[in-house]
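Asks: Here it is, the structure in full.
What follows is calculated from the coordinates using simple rules that are stated; it is not laboratory data. Bear in mind that the values here come from a model prediction, so they are computed numbers and not experimental data. Note: ideal-geometry Cβ built from the backbone for every residue, glycine included; neighbour counts use all protein chains shown.
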Amino acid sequence: MIPDSAVRLAHLIRTGELRAQEVVEYFLHRIKEKDEQLRAFITVCEKEALAQAQALDKGAPARQGLLAGVPVAVKDNIVTRGIRTTCASRILENFYPPYEATVVEKLKRAGAIIIGKTNLDEFAMGSSTENSAFFPTRNPWNLDCVPGGSSGGSAAAVAAGEVPLALGSDTGGSVRQPAAFCGLVGLKPTYGRVSRYGLVAFASSLDQIGPLTRSVEDCALLTQVIAGQDHRDSTTAAQPVPDYLTELAQPLTSLRIGLISGELLEGIDPEVGTAFERIINYLEKEGAQFEEIEFSSWKIALPCYYVIAPSEASSNLARYDGVRYGFRDQKVNQLRAMYEKTRTKGFGPEVKRRIILGTFALSAGYYEAYYGQATRARHLIAREFSSALKKVDFILTPTTPEPAFRFGAKADPLAMYLSDIFTVTANLAGVPAISIPVGMTKEGLPIGLQIIGDFFQESQLFRLAFLLEKKVEFRKEYNKII
């Protein structure tokens with residue numbers, strides 16, 4: 001039997017109890033068996049994955065790596081040399097990058113095997129993976145529901161057991177929200193903890209690559225592999241990378257926990273609220289000290305985010321004009337018409353919406369009123385987080401205001417944007433946050449809890465998450481979808 005634990009899998013391959021090739025073949029079979037319904041993958045790298053596995057079995061140095069022989073899925077906005085990277089957009093449908101993202105290089109050095117590229121909302125803009133230019137991805141707990149977004153393909157693949165580990169990207173909750181919807185552990189690291197080199201930019205001051213896994217232990221392991229300074233990304237920090245896996249076993253000496261004021265929790269789904277209260281009650285019995293944190297800025301986080309992120313997207317996506325690479329409309333002869341037709345046909349509705357919003361916010365006469373004001377609001381949010389995290393070690397919130405919703409339920413863009421109410425603040429402040437599964441609804445959909453910590457305190461997040469994971473024992477629920 002092939003275990004679904006990455007930690008266990010790597011150990012068995014390093015010791016020779018399992019061959020990397022049989023592990024890869026097992027997960028390729030799982031993908032063939034399940035993905036016709038789920039549609040988690042845009043590209044399955046069968047040939048490349050088997051070749052990597054065979055090299056490991058022949059004694060390649062990476063066989064002794066932390067992720068020796070473990071298959072990993074990579075969100076399709078993280079570039080992979082020679083493997084199609086589309087960002088789930090028609091404009092990059094046939095783009096084969098000539099270079100590798102830093103995180104992919106690190107995965108390979110650790111012995112991991114890239115098994116495929118996963119679906120997403122186009123250019124990571126969305127909360128449901130309905131905005132992919134190719135097809136929507138379905139939630140393995142209920143095929144009528146969305147898996148979350150924008151890293152919905154990565155989340156669905158791990159939850160369904162198609163792959164043990166996956167990478168996503170998180171700009172406003174795009175790792176944590178699908179983790180909550182699919183019953184996974186998902187981490188948004190501190191901004192600068194993981195290199196963004198090779199991540200196709202959406203909003204550069206907010207984007208961060210993060211892991212999606214079935215356990216806190218696997219999340220700690222994958223974070224350990226991908227974290228660290230990178231000279232090719234000037235925003236990465238010269239902070240040593242702890243041994244996250246070893247530190248999981250260390251006890252938490254104190255539990256000072258902040259809770260956001262009650263009015264911010266008004267309107268959340270009752271079952272989400274009940275699960276949240278249950279965790280608070282458990283921690284209270286464990287001796288945790290709670291303090292209600294007044295976040296005057298939390299209410300302005302969504303409008304702040306939806307000015308800054310589209311503004312940066314407008315700038316970053318200006319490069320897709322049909323001139324240098326990507327899709328080009330060949331039916332026009334004039335340069336301006338080529339720009340217009342290429343971008344009109346190449347981008348989907350949500351990407352166009354955000355480009356227009358961002359371009360307007362940056363335009364002459366409106367820049368100060370919108371982007372300038374949002375930047376000042378962001379500084380206020382960061383200051384309030386800094387102040388709060390001097391008083392407490394963690395801040396707890398639900399990850400999402402509701403469990404996974406049905407396809408088409410959020411046709412109104414504003415209703416979709418409200419899904420990010422609890423997650424965007426961590427991106428605006430740059431602090432780390434993790435989502436873990438803490439229960440199920442009566443309809444059998446997972447519920448997530450978000451834990452926010454101070455800068456570069458991922459070890460602390462993992463330790464509290466590990467403590468709660470042992471209490472909740474969510475892993476047994478996966479038997480319902482295997």
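Asks: Using the count of nearby Cβ atoms within 10 Å as a rough guide to exposure, how do V307, V70 rank from fewest to most?
Replies: Lowest to highest Cβ neighbour count: V307, V70.
Asks: Once every Cα of region 399-450 carries one equal point scatterer and solvent is ignored, give the base-10 log of I(q)/I(0) from the Debye formula at q = 0.20 Å⁻¹, two decimals.
Replies: -0.81
Asks: Cα atoms only, region 324-482: Rg and Dmax in Å?
Replies: Calculated on Cα positions, Rg and Dmax stand at 21.4, 65 Å.
Asks: Label points 7 Å out from Cα along the Cβ direction at R336 and K47: separation in nm?
Replies: That separation, rounded to one decimal, is 4.5 nm.
Asks: Using the Karplus curve 6.51 cos²θ - 1.76 cosθ + 1.60 with θ = phi - 60°, what ³J(HN,Hα) values do you get for each residue of region 175-184, in whole Hz, with x for Gly and Pro?
Replies: Result, ordered by residue: 9, 6, 5, x, 4, 5, 5, 10, x, 10 Hz.
Asks: Pull out the extension gain between T274 and Q54, defined as 0.36 nm times the separation in residues minus the alpha carbon to alpha carbon distance; nm, one decimal.
Replies: Gain on stretching T274 to Q54: 74.3 nm.
Asks: Further question: Ordered by residue, what ³J(HN,Hα) values in Hz, to whole numbers, does region 358-372 give under the Karplus form 6.51 cos²θ - 1.76 cosθ + 1.60, where θ = phi - 60° and Gly and Pro are x?
Replies: Per residue, the Karplus-derived 3J(HN,Hα) values read x, 5, 4, 5, 9, 6, 4, x, 10, 3, 5, 5, 10, 5, x Hz.
Asks: If you don't mind, there's one more thing I want to ask. What does the extension gain come out to for A318 and R109, with contour length at 0.36 nm per residue minus their alpha carbon separation?
Replies: Stretched fully, the A318-R109 segment lengthens by 71.9 nm.
Asks: Which of the aspartates and glutamates could be linked to K75 by a straight reach, that is with a Cα gap under 17 Å, when you skip same-chain ones fewer than 8 residues away?
Replies: D35, E46, E48, E93, E100, E105, D121, E122, E130, E162, D170, D207
Asks: Next up: Show me the ranking of peptides 259-268, 11-20 by mean Cβ neighbours inside 10 Å, starting with the highest.
Replies: Final packing ranking: 11-20, 259-268.
Asks: Quick one: Karplus J couplings for region 21-30, per residue in order, coefficients 6.51, -1.76, 1.60, θ = phi - 60°, nearest Hz, x for Gly and Pro?
Replies: Per residue, the Karplus-derived 3J(HN,Hα) values read 5, 5, 5, 5, 4, 4, 6, 4, 5, 4 Hz.
Asks: Longer than 26 Å from Cα to Cα, which of K331/K410; K32/K480; K188/K299; K117/K352 are they? Say none if no pair is.
Replies: Distance filter (> 26 Å) returns K331/K410.
Asks: Quick one: length gained pulling E477 to E36 fully straight, 0.36 nm per residue minus the C-alpha distance?
Replies: 156.5 nm
Asks: Right, something else. Could you estimate the translational diffusion coefficient of region 159-274 from the Stokes-Einstein equation, with Rh from the Kirkwood formula over C-alpha pairs, at 25 °C and 0.890 mPa s, in whole µm²/s?
Replies: D = 153 µm²/s.
Asks: Could you put L357, L222 in order, starting from the residue whose Cβ has the fewest other Cβ atoms within 10 Å?
Replies: Exposure proxy ranking, most exposed first: L357, L222.
Asks: If you wrap a convex hull around the Cα atoms of region 271-385, how much volume per residue is inside, in Å³?
Replies: That works out to 166 Å³ per residue.
Asks: If you don't mind, there's one more thing I want to ask. In debye to the nearest 20, how big a dipole does the chain give about its Cα centre with +1 on each Lys and Arg Cβ and -1 on each Asp and Glu Cβ?
Replies: 1280
Asks: Which aspartates and glutamates does K390 reach when only Cα atoms under 18 Å apart count, and residues fewer than 8 places away in its own chain are ignored?
Replies: Once the sequence-local aspartates and glutamates are set aside, what remains near K390 is E291, E292, E294, D454, E458.
Asks: For a protection proxy built on the mean count of beta-carbon atoms within 10 angstrom, sort 47-59, 101-113 highest first, please.
Replies: 101-113, 47-59
Asks: Just to confirm my numbers, what's the Cα centroid distance between region 186-256 and region 428-457 in Å?
Replies: 15
Asks: Sticking with this one: If you average 1/r across every pair of different Cα atoms in the chain and take the reciprocal, what Kirkwood value do you get, in Å?
Replies: So the Kirkwood estimate lands at 22.3 Å.
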